[in-house]
Ligand SMILES: [Zn+2]
């Protein structure tokens with residue numbers, strides 16, 4: 001894929017540092033007020049980038065920070081002004097409350113735009129020790145100095161300062177962009193740590209007294225902490241380039257001594273009626289403002305699809321209206337009942353359209369072009385309507401307009417809702433708003449959601465679970481919050497998948513609870529699509545035991561998806577993936593944690609696999625191995641940010657263990673079997689109940705997935721070649 005790199009000012013071929021993993025850091029919001037749609041445009045860009053990398057087969061790990069200590073601008077920082085604190089004071093509440101409220105609103109706004117959540121949303125205030133540590137290293141290396149109680153970065157110690165923006169210090173001075181702070185040695189030096197002014201609410205102990213971090217330091221600290229000293233892509237809006245990203249480069253590279261970020265990708269501004277969005281212009285619309293005016297949030301997403309991310313885009317309600325029409329039109333192509341599911345048109349003509357779209361997407365995210373090809377494809381006179389719909393839904397994996405879910409939502413409107421909807425539309429037309437609102441309440445009590453759009457009123461079915469107040473079901477692992485940022489609270493997290501396997505599951509679960517000893521053991525169970533008593537059974541288990549956590553999915557998420565649900569919720573320092581065919585007859589946790597005490601070991605378990613050629617694998621039950629099997633697969637939680645989530649294309653369980661083992665190996669860890677674990681291996685139900693041809697077909701498909709990704713990494717094999 002070609003990607004424009006702000007650092008080199010040209011399009012470059014993108015190659016990940018550790019394929020198939022791609023590590024991405026995005027500068028997130030400062031949570032003292034709503035994000036406006038201009039901010040959302042730059043998060044949409046990161047979302048499209050991520051989706052394109054995903055369809056290319058990469059496993060993306062995405063970190064987006066939350067700035068909850070809010071000194072955004074140098075002048076304000078120098079006056080000791082903090083936006084989070086100021087907003088809290090104005091609202092008569094605490095900074096923490098303000099930050100929590102706007103973090104929630106931000107996440108909701110992203111969801112409205114169908115932006116896939118980042119894998120991690122680390123907050124600045126939970127990473128103060130990392131910030132302090134980084135500043136200490138800069139002090140040691142002579143890049144920082146203390147003056148007037150504050151620590152500053154001395155830009156003369158970093159000769160390539162300004163490389164990203166091209167703002168070399170001389171030109172800054174000429175442009176009069178200098179800073180009046182008398183404590184600084186040079187006008188362009190920037191604060192790393194500031195002393196707290198008297199009475200300040202948000203402050204922390206540091207080697208330099210009570211204070212708070214400078215704005216730029218958190219992104220260096222959190223990106224290095226979660227993504228390591230070299231990562232693939234850093235994104236942000238153009239207004240982040242200077243000074244924020246120039247300063248981040250100075251901080252991170254002066255400490256590591258080398259380049260940290262390979263690609264810097266920046267999204268251009270969204271203008272509103274030709275003007276920059278700002279509070280003072282009162283054109284800083286939020287996505288909820290657009291909703292209040294009757295627009296679908298996804299119409300805004302569509303609008304952003306129509307301009308390249310490196311071009312300015314002008315927002316107006318007129319253009320939004322056109323986008324809404326475009327979106328409705330696309331939706332009509334998928335409205336008829338279609339044999340979608342796994343249907344993938346194969347013919348030469350379909351392939352040609354598919355290639356055109358993909359070529360556009362991989363040429364520096366030329367999404368408007370890809371959308372143009374899609375419209376042209378829909379006008380193709382040879383393709384059938386179901387082929388068109390299938391290709392459209394396929395392209396929507398990147399566009400993200402949620403077209404696949406659309407027909408389902410529309411068709412399942414309860415029987416009486418349609419006439420009520422029409423009645424409501426005519427009431428509104430006649431200006432009888434009170435009656436229309438009463439009718440809306442009636443519709444909502446039937447479990448449907450009413451959305452008023454400029455052209456029509458839509459009635460969407462809410463999921464049954466939500467409607468009846470039952471625990472919310474998930475339909476993707478991404479809906480489960482990632483707790484990676486939280487402190488470890490257990491010694492062990494055991495991950496179990498419940499699906500039509502109640503007798504096995506309960507045997508396995510009871511044996512885990514019986515042999516946990518004095519250890520704090522968290523069990524995370526995910527259930528989806530069972531026809532036996534699994535669902536009720538696991539709900540009962542979670543009622544009985546507060547350390548048993550249950551997530552319900554509305555359909556089978558596949559092994560990769562199921563396991564990711566549990567990984568996102570794991571709070572134990574050792575994570576143990578168990579197959580429910582396994583039964584513990586004694587303590588397996590102690591011997592495995594002894595193996596993992598060696599920090600060079602990234603995974604362990606009873607049954608390892610070794611190979612000489614990445615094709616044939618043999619079992620080996622002790623010593624260094626190439627992979628660990630999913631019967632019992634244990635690894636330290638701390639390696640998760642590096643190893644990433646599991647590849648959800650592995651819907652069937654086989655070879656997912658190989659794939660994940662090699663992800664761990666490619667991060668530089670070894671895998672070592674722990675011999676003699678007290679375990680019984682019962683028949684593997686999924687395997688036993690499957691027809692032999694089906695077994696072969698699904699095993700082979702998964703093996704290719706694994707092999708395509710890893711065949712060239714024979715350097716990782718312990719027996720080598
Ligand atoms: Zn940042």
Check: If you count, for each residue, the other Cβ atoms within 10 Å and average over each peptide, how do 356-364, 17-25, 38-46 line up from highest to lowest?
Finding: 38-46, 17-25, 356-364
Checklist line | Radius of gyration and maximum dimension Dmax of the stretch 549-588, Cα, Å | finding: 12.0, 35
Margin query: Apply the a/c threshold of 1.5 to the C-alpha gyration tensor of the stretch 134-273 and tell me whether it is rounded, prolate or oblate.
Written below: rounded
Note to self: Please report Rg (one decimal) and Dmax (integer) in Å for the Cα set of the chain.
What the structure shows: 27.1, 79
Notebook entry, point to check: Rounded to the nearest 5, what is the percent of antiparallel bridges among the DSSP beta bridges in the stretch 128-274?
Noted result: 65 percent
Next item on the list: Could you work out how far apart the two model spin labels at residue 381 and residue 697 are, taking each label as a point 7 Å from the Cα in the direction of the beta carbon, and quote it in nm?
Entry: 3.8 nm
Note to self: Out of all Cα-Cα pairs in the stretch 101-156, roughly what percent, to the nearest whole number, are more than 20 Å apart?
What the structure shows: 50 percent
Next item on the list: Using a 10 Å cut-off on Cβ atoms, rank the peptides 674-685, 315-326 from the highest mean neighbour count down.
Entry: 315-326, 674-685
Item checked: Hydrodynamic radius by Kirkwood, which averages 1/r over all alpha carbon pairs of the stretch 261-330, in angstrom -> 13.0 Å
Next item on the list: Let me see the pair-distance distribution of the stretch 634-673: every alpha carbon pair, 5 Å bin width, integer percents in order.
Entry: 6, 22, 36, 22, 13, 2
Margin query: Counting each pair of different Cα atoms once, what's the Kirkwood radius of the stretch 595-706 in Å, rounded to one decimal?
Written below: 14.7 Å
Check: Rounded, prolate or oblate: which fits the stretch 505-573 when a ≥ b ≥ c are the square roots of the eigenvalues of the alpha-carbon gyration tensor, with rounded for a/c under 1.5 and prolate only if a/b beats b/c?
Finding: oblate
Checklist line | Estimated 222 nm signal from helices in the chain, with DSSP H stretches of n ≥ 4 weighted -39500 (n - 2.57), rounded to 500 | finding: -12000 deg cm²/dmol
Note to self: Using all alpha carbons of the stretch 1-71, what is the percent of pairwise distances in each 10 Å bin, ordered from the shortest bin to the longest?
What the structure shows: 17, 43, 30, 11
Checklist line | Stokes-Einstein D (µm²/s) once Rh is taken as the Kirkwood radius of the stretch 180-231 over alpha-carbon pairs, at 4 °C in 1.567 mPa s | finding: 101 µm²/s
Item checked: Diffusion coefficient, µm² s⁻¹, Stokes-Einstein with Kirkwood Rh over alpha-carbon pairs of the stretch 297-396 at 20 °C and 1.002 mPa s -> 150 µm²/s
Next item on the list: With a ≥ b ≥ c taken as the square roots of the eigenvalues of the C-alpha gyration tensor of the stretch 562-613, please select rounded if a/c is under 1.5 and otherwise prolate if a/b is larger than b/c or oblate if it is not?
Entry: rounded
Margin query: Over 25 Å apart: what share of the alpha carbon pairs of the stretch 215-315 falls there, rounded to a whole percent?
Written below: 38 percent
Notebook entry, point to check: What order do you get for 273-284, 2-13 when each peptide is scored by the mean count of other beta carbon atoms within 10 Å, highest first?
Noted result: 2-13, 273-284
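FYI, it's all coordinate maths here, none of it is from the lab. In this text, all values refer to a predicted model and were calculated from it rather than measured experimentally. Virtual Cβ from ideal backbone geometry, glycine too; neighbours counted across all protein chains shown.
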